[in-house]
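Read-outs throughout are calculated quantities, based only on the coordinates presented, and are distinct from any laboratory measurement. Bear in mind that the values here come from a model prediction, so they are computed numbers and not experimental data. Here the Cβ is made from the backbone with ideal geometry for all residues, glycine too, and neighbour counts use every protein chain on show.
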Amino acid sequence: MYFRTSKSEILKFEHFIARNLLKYETEGKKVSQPIVRISIVSIALAMIVNLVTLAVVRGFQTEVRDKVIGFGAHAVITKSGENTIFESEPILINQSFYPLLSKDKRIKKIQPVAYKPALLQSKNTENIQDFQQEIEGVLVKGVDKTYDWDFFKANLIQGRIPNFNTNQSSDEILISAKIARNLNYKLGQEVNTFFVKQKPVRKNFKIVGIYETGYDELDKQLLIADLRHIQQLNDWGIQTSITVADSLQNGFLVIKAENVGGNGNYRYDWGNGYDRFAGFTFYPKKDTSFKVIVSDYWMYLDGKGEKTTIPDTATIDIKVRNAVKPISGVDLVDGIVNRKYIDDEGYVFEIQVGDKIVKFIKHDGKGSFSKYVGAFECMVHDWENLESDISYLRKSVLRGQNMIDLKVSSIIDNQNDIFVWLGFLDINVFIILTLMLIIGIINMGSALLVMILVKTSFVGMMKAMGANDWQVRKIFLYQASYLILKGMFWGNLIGIGLCLIQEYLKPLTLDPKVYYLNAVPIELDMGVIVALNMLTLLVCLIAMLLPSYLITKIQPSKSIKFN
């Protein structure tokens, strides 16, 4: 049976009766009116709580995850056996997978990095009397010109991103606002940085950019610098130079090689193959040049069968003016070689004995440190496909490699504690959603029971007129669905409104030391919102079937007589 309510609207009689009954109950002064309003409010509150909970938890998971990945990467390739990327052994940058993965469409980005702990010294304040020197430990991350700066660009609050696209290593750095505040640094100032080695090394860097992510744990310790500095400071590879000793040996000059890096067990090739001798005595008679190739070894001088460090080469040119006899201690004061430096760097100098002048021009080795990195960071396109992308990455890296040498680990492996904690939030969300749905179902069930009891005579009359149990139940189920939809409408309106206020105005803040973020994060996803609404409507309607079963127990003769 159908009813025409207008020229364009035709309704089934159950729907028609349900709509008019509901209008009478919500606008009239009936007993069921408070129950109807409470049911609407309960559904609205359930929707508000569920929407806000999902938005906050998803936002929190996404924000923390993106910040952790932003400081690192989805996956890292390191030497096998290393527990952390921050203290990893060097690996060769010349890997077969590197150029291939750079062009692989499945891999978003692959970039070499290296780390080095350091100490920063605070900047002097204007008030010298109140000034107290502060020292703070940081972790310097070295990157090169191929680095993906998107994360730091999004969190940059002052200055610009460092420029590492230069022939020489750049002194520009990017630091966090927290480090700058703690040590009284400002944009454009130089930073005194100390690196702990056998002999402490001091370097001055220039601040060109300041970032702030709100992830206090990493903001307070990470500084971004040129990869070439870190490669050299870590003594990866070998760097050699040829020097002239400051004193004579039996009246002769001493030419020797000085080296840093490697394993410290050096071998030298002065043109006749490798041996253990770092230098030799020499007196100049004519123009000449010397070249040395320096490598290291573990057990055997020839290095066969051993993984030795890539060697470095240095040269020195000697120019002689006037005939030169052997230089002796008689010619020089106390046998000391007195030099006259021609350049500021000390690469060109002269030794003069009477009218005899010997000029030395040093060409230090460029160092093989640039051939090594601490790790390769790999970014993928989609977090949801991380597991399969990591599996693909492992196959690509280990193809043709000795599997003992390298390993691929995901961000979940490296930051397991954080991601386990984020995973527990899903359990909390499930509990909250379930509880709020149960509360809504109980309230709606109570409202439906009250409406049925109030309309007992109506039920009997409908049955007496020929309506079966299911048709009468549908009338009340339609009423329940109207109430649920009305509650969901107001719940969505208020819930989404609260989320938008927090997303753009951020009135609710957090302690970044505890929550890793400085404000409550929000992530609104239309797909999630639609799914939540559909789930709420479906579950509530299914749950209403049970209280509507009471209608089957109502007999027309008794209900009409009772009325």
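Points to keep in mind about this one:
- Label positions at Glu190 and Leu546, each projected 7 Å from the Cα along the C-beta direction, are separated by 7.7 nm.
- Karplus-derived HN-Hα couplings along the range 89-100 (A = 6.51, B = -1.76, C = 1.60, θ = phi - 60°), whole Hz, x at Gly and Pro: 6, x, 10, 5, 6, 7, 10, 5, 6, 4, x, 5
- Ranked by how many other beta carbons lie within 10 Å on average, peptides 47-56, 208-217, 144-153, 380-389 from highest: 47-56, 208-217, 144-153, 380-389
- Near the amide H of Leu508, within less than 5 Å, lie the amide hydrogens of Val520, all on another chain or at least 5 residues away, with H placed in the peptide plane.
- Per-peptide packing, taken as the mean over residues of other Cβ atoms within 10 Å, places 163-169, 468-474 in the sequence 468-474, 163-169 from highest down.
- Ellipsoid fit via the Cα gyration tensor, the range 148-291: semi-axes of 44, 15, 14 Å, each the root of five times an eigenvalue, largest first.
- q = 0.23 Å⁻¹: log10 I(q)/I(0) that the Debye formula gives for the range 248-365, counting C-alpha atoms only: -1.29
- Listed by chain and number, the aspartates and glutamates placed with their C-alpha closer than 13 angstrom to that of Lys319 are Asp287, Glu350; residues fewer than eight positions away on the same chain are left out.
- Placed amide H near Tyr211: partners under 5 Å, 5+ positions off or other chain: Ile157, Ile175, Ser176, Ala177
- Contour minus Cα-Cα distance for Gln249 and Ile432 (0.36 nm per residue): 57.4 nm
- Shape class for the range 115-204: oblate, because the ratio a/c of the largest to smallest gyration tensor axis (alpha-carbon atoms, square roots of eigenvalues) is 1.5 or more and b/c is at least a/b.
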